[in-house]
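Asks: Please find one structure pasted underneath; my questions will follow.
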Amino acid sequence: MFDISGGYADYSNPFNGTSLPATDGSELNSIGWGLYDTVFTKTLGDNPTPEDLFTQAYTEEMSGNYTDAITHYKEVVSSYKTSQYAPVALARIFNCLEKSRANLSQYYTIQGYYTNIQNNSAYPNTTRELSEDFKIKSKVKQFNIEEAISDYETIYQNNQNNAKGIHALINKLSLQRMTSGDAPNGSMINYTEHKRGILSLITGKDLKNTNTAINNQPNQFRLHQNYPNPFNPTTSIKYDIPKSSQVTIKVYDILGKEVFSYNEYKLAGSYEVKFDGSNLASGMYFYLLKSRDVPAGRLYRNEEDGFIKVRPHSSG
């Protein structure tokens with residue numbers, strides 16, 4: 001006798017006395033007096049729990065069987081969408097690819113996988129947002145860095161007041177630093193300020209610069225006169241910001257029409273923006289700097305904020 005409470009017994013394909021039905025395995029059970037009973041078993045496809053399936057996938061990953069591990073992690077995600085194991089399985093899939101040193105084609109394929117989950121409303125928001133992040137990370141693995149930066153910037157612009165936006169901003173700044181090098185032009189000042197800015201975002205605190213040796217950080221908002229001026233066709237607009245903030249630079253013609261706009265989050269420091277006036281008529285234009293962290297929303301403008309663009313006349 002045996003207990004099948006919570007399940008059922010399948011009596012299909014009984015032994016006909018001649019040929020055994022197909023089985024998956026067998027075991028010998030002693031019944032005493034040197035006699036054994038042979039029990040044949042067959043797997044009927046019982047569904048494993050999400051914990052069992054995840055454990056199987058994790059064991060395969062730790063054994064270096066990354067292909068099998070990914071297959072079972074995907075099973076966890078698709079079969080147990082709302083379980084606590086699904087988001088973790090998504091991350092482990094990417095981890096397996098990194099461990100196996102996947103090629104560009106494999107990252108392209110997994111990018112499509114993450115994209116499908118991101119766009120599938122059957123999954124919880126947490127899983128979909130996590131898939132979006134790994135989709136972008138898959139682009140980075142394919143060296144599509146600028147596209148990934150643009151994706152993170154879009155996420156940040158749409159989520160500036162929540163954790164998702166801050167996470168995207170941190171990833172964007174990290175990628176920008178990666179593309180420009182850890183310490184551009186050998187400057188540890190910029191590198192240190194970059195790290196301090198990211199830590200400020202993570203902690204939510206404005207981490208002050210306590211290193212007296214670093215004296216190049218601006219102590220006020222300032223918009224410099226563009227150079228060259230007059231110019232044709234491009235000029236540089238330099239500006240200083242004493243703390244990390246969202247910066248906007250706008251250029252207007254003498255009628256007040258906006259002809260140029262630049263908007264980006266910047267760490268504290270000095271920067272310059274290239275302005276191309278190739279498609280503008282000769283004349284006077286005005287530009288201004290705006291930051292969310294300027295007290296009372298004031299607009300800081302250089303006293304000589306006008307500039308003249310001179311277009312040479314064609315000869316003949």
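The values are calculated or read from the model by the stated rules, or taken from the named source; none is laboratory data. Keep in mind the model is a prediction, meaning the values are calculated, not measured. Here the Cβ positions follow ideal geometry from the backbone for every residue, glycine too, while neighbour counts run over all protein chains shown.
Asks: So, in the stretch 250-275, how many residues would count as being assigned to a strand (DSSP E or B) and more than 19 Å from residue 160 (Cα to Cα)?
Replies: Count: 15.
Asks: Return only the number of the condition from (1) free of Cβ contacts under 8 Å to residues at least 40 places away in the same chain; (2) farther than 13 Å from residue 94 by Cα that residue 135 does not satisfy.
Replies: Residue 135 satisfies all of (1) free of Cβ contacts under 8 Å to residues at least 40 places away in the same chain; (2) farther than 13 Å from residue 94 by Cα except (2).
Asks: Please tell me if residue 169 is under 13 Å from the mean Cα position of the chain (by Cα), at pLDDT 90 or above and in a helix (DSSP H, G or I).
Replies: Against the criterion (under 13 Å from the mean Cα position of the chain (by Cα), at pLDDT 90 or above and in a helix (DSSP H, G or I)), residue 169 does not qualify.
Asks: Could you pull out the residue among 127, 82, 154 that is modelled with pLDDT of 90 or more, under 24 Å from residue 47 (Cα atoms), hydroxyl-bearing (Ser, Thr, Tyr) and part of a helix (DSSP H, G or I)?
Replies: 127
Asks: Here's another thing I want to ask about it. If we keep just the residues of the stretch 252-284 that are on the phi > 0 side of the Ramachandran plot and in contact with a strand residue (DSSP E or B) (Cβ under 8 Å, 6 or more places away or on another chain), which is modelled with the lowest pLDDT?
Replies: So, considering only residues that are on the phi > 0 side of the Ramachandran plot and in contact with a strand residue (DSSP E or B) (Cβ under 8 Å, 6 or more places away or on another chain), the one modelled with the lowest pLDDT is 283.
Asks: Could you list, in sequence order, all residues of the stretch 225-235 that are assigned to a strand (DSSP E or B) and either basic (Lys, Arg) or surrounded by 15 or more Cβ atoms within 10 Å (Cβ to Cβ) (or both)?
Replies: First, pick out the residues of the stretch 225-235 that are assigned to a strand (DSSP E or B): 227, 231, 234-235.
231, 235, listed by residue number.
Asks: Taking residue 243, is it outside any strand (DSSP E or B), more than 11 Å from residue 287 (Cβ to Cβ), out of contact with any Leu (no Cβ under 8 Å at 6 or more places or on another chain) and not hydrophobic (A, V, I, L, M, F, W, C)?
Replies: So residue 243 passes the test.
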